[in-house]
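Structure first, then comments.
The values are calculated or read from the model by the stated rules, or taken from the named source; none is laboratory data. What you see is a predicted model; the values in this text were computed from it and never measured. Every residue, glycine among them, receives a Cβ derived from its backbone with ideal geometry; neighbour counts consider all protein chains shown. Surface accessibility is based on the protein's heavy atoms, side chains included, excluding ligands, DNA and RNA. Shrake-Rupley method; radii C 1.70, N 1.55, O 1.52, S 1.80 Å.
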Amino acid sequence: MRNPLKLPTFRRNPDRPTLKARAANLKAGLSRLIQRPAQHAEADQGRRSVMVASVAAAVPLPALTYSPEVLAAAVPAPALLPGPHPDQALLDAEASLFRALETQQAARQAASRAWGLIEDVLREFPTPLVPSDWETVLVQRFAAKGLLSGYADMHQVPRWQRAEDGQIWQQAWTGKALRTLIEHAVPVLGQGGQTPHRIKRWRELLPIADIFDARMAAARTLSGHERLRDESHAADAAVLDLQYAISRTVAATADGLAVHVRLLVASDRRRRNTEFEPLLLSAAALTGTNLRLPYFDVPEWVAAWERSGGRIERIKRRYGRPEWGFIYPSFAGASDDFKYEVRQLGEQRSQNLDVISDWLDANR
């Protein structure tokens, strides 16, 4: 019969490293973590001491029974090694990211100015070119047969000519769309009924549509919007590629960890996921990173928006939570500088919509 008072015997797993081997592995890891190249010899020794103490606290408890000499070997003093920085790839990627962000900002501003020239023409569209309700249904019928694209073959214009409603868009006829309707009206709609009257109306609209098409083509050529838009998209893609490359690279030193801290602080993910805030602040303190959180002055933005004549209204939804609506100021008779400032405010709103909405929820 087994003695219930006898303690079980614990045997070391032969596949598990010995304490001495684990201490040697830890020593090698600490050397890679703490050592810095000669060009970084002025590193903050206080910060390095914090790192040594933190890693020493992570030594497995059995190792703490060793003599002070063994512990000193397991946690060596900081040393400097010649050669490239262990995180040089991370540091270079961050420098490239800073340059890409500057390029992205310049490309976005150029594309925004170009779009402003096109938008000015769109706001002056001839109202007869807006399809009636029954014509909108016909567009869908023609689109279902592959004859017409409601987006590619039509102008997208403000719903009303009032500039303050310019963020609400609708379709308008182009010469190409009208010619498609006229050519295929009889096969699609039949020869009798209202078809002859509809063809007559569309032929009357053709000269108006052709003139407006010419104005739009001139605005696109003068502004170079398509080229600048493609350059802006390419700049966006370059920034995303660099951010992804950095996020997939594991840091080996405090300098590399600081790169990840700065990238996370500047990203939108941190604003939406605050559960890792203590980890972020701890990493910033450990690496000696000057943690200047991104700050967007919402009250100042709201004041500038309303000074320009813009309005902010609460929009109730039948389903879901209400949303904030931002009504643009009137551009009637406004200068180009005023239009540019308002568009810049609009871009800032798009980039910081969550922060602005949270502030409005709390203060309006």
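Identify, by number, the condition in (1) outside any helix (DSSP H, G or I); (2) in contact (Cβ under 8 Å) with a residue 40 or more places away in the chain; (3) open to solvent by 100 Å² or more (accessible area, probe 1.4 Å) that Gln171 doesn't meet.
Going through the list (1) outside any helix (DSSP H, G or I); (2) in contact (Cβ under 8 Å) with a residue 40 or more places away in the chain; (3) open to solvent by 100 Å² or more (accessible area, probe 1.4 Å), Gln171 breaks only (3).
Could you list, in sequence order, all residues of region 314-348 that are in a strand (DSSP E or B) and aliphatic (A, V, I, L, M)?
Ile315, Ile327
Kindly indicate whether any position in region 247-260 is closer than 28 Å to Ala111 by Cβ, at pLDDT 85 or above and open to solvent by 50 Å² or more (accessible area, probe 1.4 Å).
yes
Which pairs do you get when a residue that is open to solvent by 80 Å² or more (accessible area, probe 1.4 Å), found in region 293-322, comes within reach of a residue that is modelled with pLDDT of 85 or more, reach meaning Cβ atoms under 7 angstrom, with the pair 6+ apart or on two chains?
Arg311/Ile327; Glu313/Gly325; Glu313/Ile327; Arg314/Trp324
Residue pairs, Cβ under 6 Å, 6 or more apart or interchain, first in region 135-147 and within 11 Å of His184 (Cβ to Cβ) and open to solvent by less than 70 Å² (accessible area, probe 1.4 Å), second in a loop (DSSP other than H, G, I, E, B) and modelled with pLDDT under 85. List them.
If the second residue must be in a loop (DSSP other than H, G, I, E, B) and modelled with pLDDT under 85, the pairs left are Phe142/Leu148.
I'd like to check something: does region 218-240 contain any residue that is open to solvent by 90 Å² or more (accessible area, probe 1.4 Å), at pLDDT below 90 and either of a type in the set (D, E, K, R) or not in a helix (DSSP H, G or I) (or both)?
no
Does any residue in region 196-209 that is surrounded by 13 or more Cβ atoms within 10 Å (Cβ to Cβ) come within less than 8 Å, Cβ to Cβ, of a residue that is basic (Lys, Arg) and in a helix (DSSP H, G or I) six or more places away or on a different chain, and which pairs are these?
That search, which allows pairs on different chains as well, returns Leu206/Arg179.
Among the residues of region 86-130, write down those that are in contact with a strand residue (DSSP E or B) (Cβ under 8 Å, 6 or more places away or on another chain) and either assigned to a helix (DSSP H, G or I) or buried (at least 19 other Cβ atoms within 10 Å of the Cβ) (or both).
Scanning region 86-130 gives Leu122, Phe125, Leu129.
Can you pull out the residues in region 345-364 that are open to solvent by 40 Å² or more (accessible area, probe 1.4 Å), closer than 29 Å to Gln104 by Cα and either modelled with pLDDT of 85 or more or touching a helix residue (DSSP H, G or I) at 6+ places or on another chain (Cβ under 8 Å) (or both)?
Glu347, Gln348, Arg349, Asp354, Val355, Trp359
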